[in-house]
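K.L.:
Before I ask anything, here is the structure I am working with.
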Amino acid sequence: MIARVGDVVIGVTREVGGIGVLMLQVLRALLPWPSMDARELWRNLYRMGVKSLPIILATAFFSGAILVVQSGIFVRRFGAEGLLGWATGYSTFREIGPILIALMFSGRVGSNNTAELGTMTITEQIDGLRALAIDPIRYLIVPRVTAMMVMLFALTVFGDFVAILGGALLGQVVVGVDTSVFWHSLFSNLGTWDLVHGLVKSVFFGLVISLTSCYFGISVRGGAVGVGRAVNASVVASAIGIMVTDCLLTLLMK
Amino acid sequence: MTIEFRDLHKSFGAQHVLRGLTMTIERGEVFFIIGTSGVGKSVTIKHLVGLLQPDSGEILVDGKPVHGLAEREYYPLRKRLGMVFQHSTLFDSLTVLDNVALPLRKHQRMRMSAAREAAKERLAVVQMERYADRWPAELSSGMRKRVAIARTLTLEPQYVLFDEPTTGLDPVSARRVDEMIKRLQTLDVTSVVVSHDLTSIFTIADRIAFIYQGQAHIIGTPEQLRAADDPIVQQFISGRSDGPMETPGF
């Protein structure tokens, strides 16, 4: 029993340490001035961001809508129609938006990233880059980390907007709260900080997902089975990383 | 310009693969490293470009030690010492043309259009210019191998390491790769070829090192190898399943 606990602790420490080392390597690759392969950056911005837009917007719309429908029962019971916009905006901007979008992003982009890098590792494409005197961290990892951070931020901006839109729409149709009341409640009770709070989180979530998915991708061992294991581990570790980061940032920015 | 391995040892866990490998490769020669599967041929050449580090021993290129360097210290060496991997290692996300243009963009600071023009010329040398816009996954293994060779040669290395360049190729494609390797000699390029393709070995090799039990069992010309009065060498050359040879990969 103690041995098993010890194995788990050693395993977690090794993975967290590996992700930390990768972060230092990424930072070192950005010195003395940030430079990266523009083609790789554009390719990743497009496939990670633009291609994720439909699924992220759909998720955001329905999460905003569900939030309003669920809270509608209490809004009616307590006659709190004037608080519906504030409640939806506050929870969406600060928590629901960044968290749900990050989890969707991790499932779609992070897992794909791990699988691609893992396949490159087991087919020696990463060694092939090294043999051509091209730094895999600078060429492959830095553009991916940058693209994920930028695109998760952008997707959260769009997602927040669409979630609120979904909330306002369902608030009118299902709960019977007029959209003008909804918007007034939202704009008069929420400040810029409520929006920025969630957007700051989204940048850190992007960092967590990118480093985790890249780390598990480039440390794959054991062929196709290893790639499957790495993808699984990457998604689980990213989800835990998002939650832990969310908790820390909420405490820091309260 | 020479490559020297001095008393090289390398283990993977309990498996002691290289056990005191010592050999010298001279400038301009086509040097074959042969032996049974799993004997450590690929492991040997991966040490040369720092993809593996020895447990002990020395590796010298042009008299300078090239083991135990930091990753970035290998980059100047890797520009002079190109490697063609067994499975070509073309990048799936780039077209054939962009694969060949990549080292030019990165190391010769060429703009994309100029790098692509230069890459087309390199592809023409290996008769692959018609496939420039294809993706690696759309090519046969022989085609991929030729593109990998073109990509490796873009930086005009002084040494080229070939890891089983003819494995998995049809006989005609294999002989074309052989001719390509032999042609490099006229450009004063030293080729180190890992192979167990006997036709290649006895057609284009200047010298051969036969690796057995982690050491250079015999080093000599193809004629010397053929004439060797050594039952292990003769068993390998004749391809007999019975004999004194231990086969680690079987």
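The values are calculated or read from the model by the stated rules, or taken from the named source; none is laboratory data. Note that this is a predicted model, so its numbers are computed, not measured. Positions of Cβ are backbone-derived with ideal geometry, glycine not excepted, and every protein chain shown enters the neighbour counts.
K.L.:
Only one residue in B:R105, B:R134, B:R130, B:R122 is more than 10 Å from every other protein chain (Cβ to nearest Cβ), surrounded by fewer than 22 Cβ atoms within 10 Å (Cβ to Cβ) and not in a loop (DSSP other than H, G, I, E, B), so which one is that?
P.N.:
Numbers: B:R105 fails: more than 10 Å from every other protein chain (Cβ to nearest Cβ); B:R134 fails: not in a loop (DSSP other than H, G, I, E, B); B:R122 fails: surrounded by fewer than 22 Cβ atoms within 10 Å (Cβ to Cβ).
The conditions single out B:R130.
K.L.:
Just to check your reading of the model, which residue among A:A115, A:A133, A:A102 is small (G, A, S) and not in a helix (DSSP H, G or I)?
P.N.:
Details: A:A115 fails: not in a helix (DSSP H, G or I); A:A102 fails: not in a helix (DSSP H, G or I).
Result of the check over A:A115, A:A133, A:A102: A:A133.
K.L.:
Is at least one residue of region B:208-225 surrounded by fewer than 16 Cβ atoms within 10 Å (Cβ to Cβ), assigned to a helix (DSSP H, G or I), at negative phi and modelled with pLDDT of 90 or more?
P.N.:
Checked against the condition, which is being surrounded by fewer than 16 Cβ atoms within 10 Å (Cβ to Cβ), assigned to a helix (DSSP H, G or I), at negative phi and modelled with pLDDT of 90 or more, region B:208-225 yields at least one hit.
K.L.:
Let me ask you something else. Check whether at least one residue in region A:179-197 is assigned to a helix (DSSP H, G or I) and under 30 Å from A:L117 (Cβ atoms), and report yes or no. Spell out the reasoning first.
P.N.:
The first filter runs over region A:179-197 and keeps only residues assigned to a helix (DSSP H, G or I), leaving A:179-189, A:192-197.
Filter once more, keeping what is under 30 Å from A:L117 (Cβ atoms): none.
Among the residues of region A:179-197, not one is assigned to a helix (DSSP H, G or I) and under 30 Å from A:L117 (Cβ atoms), which makes the answer no.
K.L.:
Which of the residues spanning region B:68-80 are over 21 Å from A:T123 (Cα atoms), more than 7 Å from every other protein chain (Cβ to nearest Cβ) and either within 18 Å of the chain's Cα centre (by Cα) or assigned to a helix (DSSP H, G or I) (or both)?
P.N.:
Within region B:68-80, B:R72, B:E73, B:Y74, B:P76, B:L77, B:R80 qualify.
K.L.:
Filtering region B:1-45 down to residues that are aliphatic (A, V, I, L, M) and within 15 Å of the chain's Cα centre (by Cα), which residue is nearest to B:R207 (Cα to Cα)? Step through it out loud before you land on a result.
P.N.:
Step one: of region B:1-45, the residues aliphatic (A, V, I, L, M) are B:1, B:3, B:8, B:14, B:17-18, B:21, B:23, B:25, B:30, B:33-34, B:39, B:43, B:45.
Next, from what is left, pick out any that are within 15 Å of the chain's Cα centre (by Cα): B:3, B:25, B:30, B:33-34, B:43, B:45.
Numbers: B:I3: 14, B:I25: 9, B:V30: 7, B:I33: 9, B:I34: 11, B:V43: 19, B:I45: 16 Å.
Checking each candidate, the answer is B:V30.
K.L.:
Would you pick out the residues in region B:4-55 that are more than 14 Å from chain A (Cβ to nearest Cβ), in a loop (DSSP other than H, G, I, E, B) and small (G, A, S)?
P.N.:
The answer is B:A14, B:G28, B:G35, B:S37, B:G38, B:G40.
K.L.:
If the Cβ limit is 8 Å and pairs must be 6+ apart or interchain, which residue in region A:99-124 that is under 14 Å from A:V231 (Cα atoms) pairs with which residue that is among the charged types (D, E, K, R) and not in a helix (DSSP H, G or I)?
P.N.:
Pairs found: A:T119/B:D92; A:M120/B:D92.
K.L.:
Only one residue in A:R221, A:R144, A:R138 is over 21 Å from A:F61 (Cβ atoms), surrounded by fewer than 16 Cβ atoms within 10 Å (Cβ to Cβ) and either within 14 Å of chain B (Cβ to nearest Cβ) or acidic (D, E) (or both), so which one is that? Spell out the reasoning first.
P.N.:
Values: A:R144 fails: surrounded by fewer than 16 Cβ atoms within 10 Å (Cβ to Cβ); A:R138 fails: surrounded by fewer than 16 Cβ atoms within 10 Å (Cβ to Cβ).
Every option except A:R221 fails the conditions.
K.L.:
Then there is this: Please tell me if A:G206 is under 21 Å from A:I101 (Cα atoms) and either touching a helix residue (DSSP H, G or I) at 6+ places or on another chain (Cβ under 8 Å) or not in a loop (DSSP other than H, G, I, E, B) (or both). So that I can check it myself, show each step before the final result.
P.N.:
On the way: under 21 Å from A:I101 (Cα atoms): yes; either touching a helix residue (DSSP H, G or I) at 6+ places or on another chain (Cβ under 8 Å) or not in a loop (DSSP other than H, G, I, E, B) (or both): yes.
Here the answer is yes, as A:G206 does meet what is asked.
K.L.:
What pairs can you find where one residue is in region B:162-175 and without any contact (Cβ under 8 Å) to a residue 60 or more places away in the chain, the other is in a helix (DSSP H, G or I), and their Cβ atoms are less than 6 Å apart, with a gap of 6+ or different chains?
P.N.:
Qualifying pairs under 6 Å: B:T166/B:A174; B:T166/B:V177; B:T166/B:S200; B:G168/B:S141; B:L169/B:G142; B:S173/B:G142.
K.L.:
Test A:G85 against the stated conditions and say whether it is farther than 26 Å from A:P34 by Cβ, within 14 Å of another protein chain (Cβ to nearest Cβ) and touching a residue at least 40 places away in the same chain (Cβ under 8 Å). I'd like the intermediate steps shown before the answer.
P.N.:
Values: farther than 26 Å from A:P34 by Cβ: yes; within 14 Å of another protein chain (Cβ to nearest Cβ): no; touching a residue at least 40 places away in the same chain (Cβ under 8 Å): yes.
Considered against the rule, which asks whether it is farther than 26 Å from A:P34 by Cβ, within 14 Å of another protein chain (Cβ to nearest Cβ) and touching a residue at least 40 places away in the same chain (Cβ under 8 Å), A:G85 comes out as no.
K.L.:
Further, regarding this structure: Mind checking whether some residue in region B:92-101 is more than 21 Å from B:L184 (Cβ to Cβ), within 12 Å of another protein chain (Cβ to nearest Cβ), assigned to a loop (DSSP other than H, G, I, E, B) and small (G, A, S)?
P.N.:
So far as region B:92-101 goes, yes, one or more of its residues are more than 21 Å from B:L184 (Cβ to Cβ), within 12 Å of another protein chain (Cβ to nearest Cβ), assigned to a loop (DSSP other than H, G, I, E, B) and small (G, A, S).
K.L.:
Would you check if B:L69 is under 16 Å from A:A133 (Cα atoms) and without any contact (Cβ under 8 Å) to a residue 24 or more places away in the chain? Lay out the reasoning, then the answer.
P.N.:
Values: under 16 Å from A:A133 (Cα atoms): yes; without any contact (Cβ under 8 Å) to a residue 24 or more places away in the chain: yes.
Yes: the conditions hold for B:L69.
K.L.:
Shifting gears a bit: Among the residues of region B:108-118, is any of a type in the set (K, R), over 22 Å from B:A205 (Cβ atoms) and part of a strand (DSSP E or B)? I'd like the intermediate steps shown before the answer.
P.N.:
Of the residues in region B:108-118, the ones of a type in the set (K, R) are B:109, B:111, B:116.
Those still in the list that are over 22 Å from B:A205 (Cβ atoms) too: B:109, B:111, B:116.
Add one more test, that the residue is part of a strand (DSSP E or B), and what stays is none.
Scanning region B:108-118, I find no residue that is of a type in the set (K, R), over 22 Å from B:A205 (Cβ atoms) and part of a strand (DSSP E or B), so the answer is no.
K.L.:
Let me ask something additional. Quick check, is B:V39 aliphatic (A, V, I, L, M), closer than 18 Å to B:T152 by Cβ and modelled with pLDDT under 95? Full working, then the answer.
P.N.:
Working: aliphatic (A, V, I, L, M): yes; closer than 18 Å to B:T152 by Cβ: no; modelled with pLDDT under 95: yes.
Judged against the criteria, B:V39 is not a match.
K.L.:
On to the next question. Does at least one position in region A:40-63 carry a residue that is of a type in the set (S, T, N, Q), within 11 Å of chain B (Cβ to nearest Cβ) and over 17 Å from the mean Cα position of the chain (by Cα)? Even if it seems obvious, please write down each step before you answer.
P.N.:
Step one: of region A:40-63, the residues of a type in the set (S, T, N, Q) are A:44, A:52, A:59, A:63.
From what's left, within 11 Å of chain B (Cβ to nearest Cβ): A:44.
Of the ones still in play, those that are also over 17 Å from the mean Cα position of the chain (by Cα) are none.
Scanning region A:40-63 turns up no residue that is of a type in the set (S, T, N, Q), within 11 Å of chain B (Cβ to nearest Cβ) and over 17 Å from the mean Cα position of the chain (by Cα).
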